[in-house]
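Visitor: Just passing along the structure, written as structure tokens.
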Amino acid sequence: MRILHVFRTPVGGLFRHVMDLARGQTERGHDVGIICDATTGGARADAALAGLEATLSLSVKRVPMGRLPGLGDIVTIRRVAAHARQLRPDVIHGHGAKGGLFARLATRRGRGPALVYTPHGGSFHYGPGHPAHHLYMAAERYLARRTDLFIFESDFVRAQFHRYLGPSGQLEKVVHNGLSEEEFSLLSHPSPAFDLLFIGELRVLKGVDVLLDAIALLRDRGHPVPRLLIVGAGPDEAAFQAQIAKLGLASTVTMRRPSPIRHVLGDARAMVVPSRAESLPYVILEAAAAGQPLIATHVGGIPEIFGPAGARLVPPADAPALADAIARTLGDPDRATADALALRDYVRAHFLIAQMVDGILLGYDAAVRHRAEVRR
């Protein structure tokens, strides 16, 4: 098949997913191309896309793509449409809210390639209490009629879709994100400088504020104050720095710029994912594969990753519960290691790149056949 992937920002888990998927599809003999934003990602994205482009027969194209809805989206849709007409793909696969918008408006309804959409959380992170919820759901409802196949990366996101929009009336498939076999090499922790690691985007949605409150609570309870390493950047970074100062945690919290997860996992005894919302986060898969003890919240697709160990997950936005989980993990390192190794085995059995690529290609086959039947 000829496959075109459309997404906006070349950073984070969505970017990693598309990179792995495009590489796996190419290895299976398909012609693959990418179109994404030209204004974000920085040098790391530039290098990653340049390396991947050498293997893609349909190349990589970058055009400006705005984060928020605006008139610039009309220009972007036209550019994506022109690129698609030139490539003549069998499948256009949009990733994330903006990628899904551009992909599904790039061709006339009912004509051309099969249109596939993976939300990656996207619009569905915003519940009914958020001012933008109704706008985003109205857009999703309209675009659903232009979609041949929905590929959800977690059962959770599919359930959210059905909760807010009802059944799509189109083909649907859940395909979990996956890791390579090489990523299951174990970490060693000879003498980590930190007790806890947070790695991710610095925004309230990720629960960094709750983590800081939990650490202050442990101090106030008389526990040893955990040494925390925060790795990342984002729109709420200044607010978190102010919170660190207000709570008197400057001596125990260190902040670093974004870094590949494998470069920092060994710096801490355990990783914390205190998110208020997630889809199916790669950081948890990657930490689990490395045998890193994990403390995480019961949100999004995280329970699907933990499987039978889901009872260990913490309610979101609950600093006392998070403090309790941190104390248990740091207070019993042998149990934490045993739990981490059991989770590693579960992830290895259920979350591999090969399974992800094969599952998505089977979905494409069904979508292409369905599109051909509709034409007849």
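The values are calculated or read from the model by the stated rules, or taken from the named source; none is laboratory data. Please read these numbers as outputs of a predicted model, since none were measured by experiment. Glycine gets a Cβ as well: all are built from the backbone with ideal geometry, and neighbour counts include every protein chain shown. When the accessible area is computed, the model is the full protein with side chains, heavy atoms only, and any ligands, DNA or RNA have been set aside. Shrake-Rupley method; radii C 1.70, N 1.55, O 1.52, S 1.80 Å.
Visitor: Hey, among the residues in region 105-122 that are within 17 Å of Arg145 (Cα to Cα) and crowded, with 24+ Cβ neighbours inside 10 Å, which one's farthest from the chain's Cα centre (by Cα)?
Guide: Among those that are within 17 Å of Arg145 (Cα to Cα) and crowded, with 24+ Cβ neighbours inside 10 Å, it is Pro113.
Visitor: Just give me the residues in region 281-329 being open to solvent by 20 Å² or more (accessible area, probe 1.4 Å), under 15 Å from the mean Cα position of the chain (by Cα) and of a type in the set (Val, Ile, Thr), in sequence order.
Guide: Matches in region 281-329: Val283 only.
Visitor: Next question. Condition first: open to solvent by 60 Å² or more (accessible area, probe 1.4 Å), modelled with pLDDT of 95 or more and of a type in the set (Val, Ile, Thr). Now tell me which residues in region 1-38 satisfy that.
Guide: Result: no residue meets the conditions.
Visitor: Inside region 39-69, can you point out the residues that are outside any strand (DSSP E or B), surrounded by 12 or more Cβ atoms within 10 Å (Cβ to Cβ) and of a type in the set (A, V, I, L, M)?
Guide: Selection gives Ala45, Ala48, Leu49, Leu52, Leu56, Leu58, Met65.
Visitor: Looking at this structure, is His130 in contact (Cβ under 8 Å) with a residue 40 or more places away in the chain, assigned to a loop (DSSP other than H, G, I, E, B) and either surrounded by fewer than 17 Cβ atoms within 10 Å (Cβ to Cβ) or under 19 Å from the mean Cα position of the chain (by Cα) (or both)?
Guide: In short, no.
Visitor: Scan region 155-176 for residues that are in contact (Cβ under 8 Å) with a residue 24 or more places away in the chain and either open to solvent by 10 Å² or more (accessible area, probe 1.4 Å) or out of contact with any Pro (no Cβ under 9 Å at 6 or more places or on another chain) (or both) and jot them down.
Guide: Asp155, Phe156, Gln160, Tyr164, Leu165, Ser168, Gly169, Gln170, Leu171, Lys173, Val175, His176
Visitor: Can I ask one more? Test Ile151 against the stated conditions and say whether it is touching a Leu at 6+ places or on another chain (Cβ under 7 Å), within 21 Å of Gly363 (Cβ to Cβ) and part of a strand (DSSP E or B).
Guide: It is false that Ile151 is touching a Leu at 6+ places or on another chain (Cβ under 7 Å), within 21 Å of Gly363 (Cβ to Cβ) and part of a strand (DSSP E or B).
Visitor: Here is a further query. Identify all residues within region 4-26 that are touching a residue at least 60 places away in the same chain (Cβ under 8 Å) and in a helix (DSSP H, G or I); write none if there are none.
Guide: Those that are touching a residue at least 60 places away in the same chain (Cβ under 8 Å) and in a helix (DSSP H, G or I): Gly12, Gly13, Leu14, Arg16, His17, Val18, Asp20, Leu21, Gly24, Gln25.
Visitor: Another question, if that's okay. How many residues does region 83-96 hold that are buried (at least 24 other Cβ atoms within 10 Å of the Cβ) and in a helix (DSSP H, G or I)?
Guide: Residues that pass the stated criteria total 1.
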